[in-house]
Every structure is written in C-alpha cells, then in structure tokens.
Amino acid sequence: MDHSRVPVLEALQEFRRRGDIAYGPPGHKQGRGVDPRVAEIVGLDVFRSDVLSLNGLDDRRQSQGVLSQAQELMADAVGAEQAFFSTCGSSLSVKTAMLAVAGPGEKLLLSRNAHKTVIAAVIVNGVEPIWVHPRFDTERHLAHPPEPDDVRRCLQEHPDAKGMLLITPTDWGTCADIQGVARVCHEFDVPLIVDEAWGAALPFHPDLPAWGMDAEADLVVTSVHKMGGAIEQSSVFHLQYDRVAPEVLKQREDLLGTTSASSLVYATLDGWRRQMVEQGHDLLDAALHRAERIRTTVDELSGLRPMGQEVVDEGLAASFDPLKIVIDVRRLGITGMQAAEWLRANRHVDVGGSDTCRISASITYADNDETEKILLDALRALVDGADSIERQPPVHLPAPSVLELEQAMLPREAFFAEVDHVPTERAAGRIAAEMVSPYPPGVPVIAPGEVITDEVLDYLRSGVDHGVLIPDAADPTVRSLRVVRR
C-alpha cells in the first residue's frame, strides 16, 4: 500500500482549498464565529480543521471512502487484518471491545489491576467479571500482569467465559506474555482482548515489547495520544482472526460512540501512521537511546531507584517498556505524590504518573536534548531538596492478599442497588455500591459488589490523610461510603 498517502489529511486540505461554506455543524463555521480571545490561545487553524466527516470531508454516500482508506492503511502499517478509528478515547474503546465479546450476564476474564474504565465497562455492559489477579510485587508494592497459567486456571473454573481482557503494558511499563495468554485463550476457543493503551509505538521498533497483533491477540485497543503523535481521545481498534466479528465490533462501537466524530482526531491518526511507517524506526531508536541515558543517570542519583530490566530478570513480568522511566523515591523519605507535586511547583515539570512509592515519566520520539536535560536537572534538584519537603502521615500499604476482595454481587447490580451512606468505621463487612479509586493511577481499590474490609479502609483513610485524591467516591474524604442496603 502507498503509505505516503494520508486520505483524511488530503480530504481536509481539499476542503479548505475549495473554500466550501457549510450550513450545518459545527456552529463556529470553520472558525469564523470564534471569539478571537479563544483563537489567540488555541489557534484558528484548529477550528478551520474541525469539519464534519459527511458533507465535508466526504460526500453523503461516503463514495470517496476517506475514512475507510485511512483505516486500511493503518491496518497494513501495524499488521492487523482490520483497523477502526475511534474519537472517544480508549476509555470508550475498551467498553466497546468488551461488549463485542461478552453481553449482559455473560462472563469475561479481567485483570483485577484494571483501570476504573474497565470496571465502568463491567457496570455499563452488565458482564460478570471473573477476576484474574495480577502478580503482586511485594517489595515494589506493584501489580504486574497475570501469567498464562493464571488465565488457564480461571478458564478451567469458568469454561463458559466468553473471553479475556488483558492490560499491557501497565501504567508502570511492565508487560504481559501476550502470546502465552492468547494461546491459552485459543485453547478454549475464546478471544483475547488486549488493552494496549500505552502501546501505540510498539509495532514500529523491534526493541520495544511485543505488539498484540504480532503476539496472536484477537482485538487490540491502543491510545495513540499516549505514546504516539495524535491528539487526545485518539484511539484505534485492531482486529484479526474470526473470533470477534467485524460487524459486531462496528455495531457495538456505533451503540456507544459519538455521531459527531472529530476530524481532528481522524486527521492526526492518519498523519501519525504515515510518520511511523516512513520514519518510525529511526525516531523510536533515538527515543530508546535517550531513555536509556536518562535511566542510567537517574540510577546514579542518591535516593532514586529506576525500574528496568530487573523486573523481567526476577520473573515478575514478561518484558518492560524501556520508554517508561519509573523511579522509586521512597529512599528520599517522601512519596511519589509528594515528589510529583514538588517537581511541578518548583521546576515546572509534570511527570506522567505517581503513587505512594514512585513517579514515572514517558519518553517519546517527541523528546529532545532540551527536555532530557530539563528532566534530569529537575530530578537532581528533587534529590537536593527532598529534606525540605514536609513529611506527611504514612500511607498504610496493605499486603497483596488484602486487595483481593470477595465479589459478593455483580458490579452492575451493586452499583444500581438501593444504597445506604454509612460512616467508614461501620462499612467493614458491607457490600460496596461505588468505585473507590485512588488517583493516580486510577485502579479501584474497591469495586461495586465487593465486600469492604477493615484493612482496605485503613489503607484508604491513611492515603487520604497523606493527600491521595479519590475523585470517584461519593465522599472523596472516605469518611463515609455508599453500600448496598440490606
């Protein structure tokens, strides 16, 4: 295929060349009605490129096939049989993928270290989750992806399960044995969905972890805005084999997706694909060398401990994404959240993630010598200034087994049940009717339908006292909880 072509961008360029006057949405009329004060900040070209796909980029019958051509090129670029663009982010794409495999009341295997998006999908879709517990790293207090044997055990116990959703790479860069899990799923003739939100760059360099389509997954969802060059909310479904029917996936996406898809998302996805095919290897090669230099330098800084290949050598993960700079800061006597706040306030550096133990920074092909220097200078300053950071009450980190709560009700039933609001000290033993997700990274500690325990409550309360944000709970202070009425 001719990867120099960019069908969406070409159609957008032609639309602007023709100077069409649209008498339908968007109401800003390609920027003519935009407040100049807004245009001064975000740029007028953003609005000039905000065009409806129909009667704009394409005709009423889509005879030009602009979007389908772009999707065919994307599939060819990454080795998928088919690709579909989504403009609602992978949060919605994951819900769609799950619904394409399991319907209301049907079982689906899920990694329990999933982001709240997955739990939300369980509630919305009405599936019965079969939790596959991740491999806990007690020393790092980190959850790594489950292993093939864990998946086999669950499928043997639940032979009526419709498939598996695997999250890899994790927010912290550790990766699953996708091929091993896929082969287990295929032994049971069920599909494997991979939530590869952090993996958009993986197909384009051999030194990155395995890409889901190459590792025999059936359906892979990527967030190109995370590690790629498309704007926020850019997501792609990648499909192969026949365990998930393309028309089913399209119908489920149509059920949940927007009818006003963003041409900005389509255009940037299209352009990023061309860039990766033509230049991706060299761009990512430079990023990989940059990340390794940063990791090596960080390892020499007192009090900082970068994570890397050792998690693979220790048998805790199948591989590690080297573009993730994950740094344990506990030896500085502070938490990752305190480190992140200090870096933002004192060095104007925003890290990609933080929790009680660590911070992370994503290195992409967009980084350069200047951003490398800024990050390293900021980390040196953090080491020098750590003693001045006010100590907060410690977070009571629980043992891994404490986080494996009993699922007493289906999440959907518990979420929509009659509820009581009870003080936290009276919540142990009750069934949760809400998600409680410390941010970051946004993995629910309590999901609807799970039985609340004193140990988990102690963890959450100590986290709030330390400054952890819990934005999805009805009471973010966790002084009370929504529980299923008895």
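The values are calculated or read from the model by the stated rules, or taken from the named source; none is laboratory data. What you see is a predicted model, and the numbers here were worked out from it, not measured in a lab. Methodologically, a virtual Cβ is constructed for each residue, glycine included, from the backbone with ideal geometry; neighbour enumeration extends over all protein chains shown. Surface accessibility is based on the protein's heavy atoms, side chains included, excluding ligands, DNA and RNA. Shrake-Rupley method; radii C 1.70, N 1.55, O 1.52, S 1.80 Å.
Quick one, can you get me the convex hull of the C-alpha atoms of region 271-392 expressed as volume per residue in Å³? Show your work: numbers first, answer last.
Values: hull volume 14.6 nm³, N = 122.
Here the figure is 119 Å³ per residue.
Our analysis of region 112-262 gives Rg over Rh at 0.95, with the two radii drawn from alpha carbon positions and Rh computed by the Kirkwood formula. Using only side-chain charges placed at the Cβ, +1 for Lys and Arg and -1 for Asp and Glu, the dipole size of the chain relative to its Cα centre rounds to 1300 debye.
Protection proxy ranking for 326-337, 347-358, using the average of other Cβ atoms within 10 Å per residue and placing the highest first: 326-337, 347-358. Expressed as a rounded percentage, what relative contact order does the chain have, with Cα pairs under 8 Å and six or more residues apart? It rounds to 13 percent for the chain. A P(r) calculated from all alpha carbon pairs of the chain, with 10 Å bins opening at zero, reads 4, 18, 27, 27, 18, 6, 0 percent. Partner lysines whose Cα lies under 25 Å from the Cα of K226, excluding those fewer than 8 positions away in the same chain, are identified as K95, K116, K250, K324, K373. In this structure the chain gives 43 Å² per residue of accessible area when probed at 1.4 Å with all protein chains present. If contacts are Cα pairs under 8 angstrom and at least 6 residues apart, what is the relative contact order of region 1-149 in percent? Taking the mean separation of contacting Cα pairs over the length of region 1-149, I get 16 percent. Taking only protein heavy atoms and a 1.4 Å probe, the accessible area of the chain is 48% carbon and sulfur.
Scalar couplings 3J(HN,Hα) for region 182-199, obtained by applying the Karplus form with A = 6.51, B = -1.76, C = 1.60 to θ = phi - 60°, are 4, 5, 5, 4, 6, 4, 9, 6, 10, x, 10, 9, 10, 7, 10, 3, 8, x Hz; x denotes Gly and Pro.
Only sites in a loop by DSSP and with at most 15 other Cβ atoms within 10 Å count here; which GluC sites (Glu not before Pro) in region 361-453 make the cut? List each step's numbers first, then the result.
On the way: sites: E370, E372, E390, E404, E406, E413, E418, E425, E434, E450; in loops: E390, E404, E406, E418, E434.
Within region 361-453, the qualifying GluC sites (Glu not before Pro) (loop, at most 15 other Cβ atoms within 10 Å) are E390, E404, E406, E418.
With a ≥ b ≥ c taken as the square roots of the eigenvalues of the C-alpha gyration tensor of region 427-476, please select rounded if a/c is under 1.5 and otherwise prolate if a/b is larger than b/c or oblate if it is not? In terms of gyration-tensor shape, oblate. The relative contact order of region 163-208, computed from alpha carbon pairs under 8 Å that lie at least 6 residues apart in sequence, is 48 percent.
What number, rounded to the nearest 500 deg cm²/dmol, is the helix-based mean residue ellipticity at 222 nm of the chain, given -39500 (n - 2.57) per DSSP H run of at least four residues and division by all its residues?
Values: 16 runs with 183 residues, N = 486.
Computed mean residue ellipticity for the chain: -11500 deg cm²/dmol.
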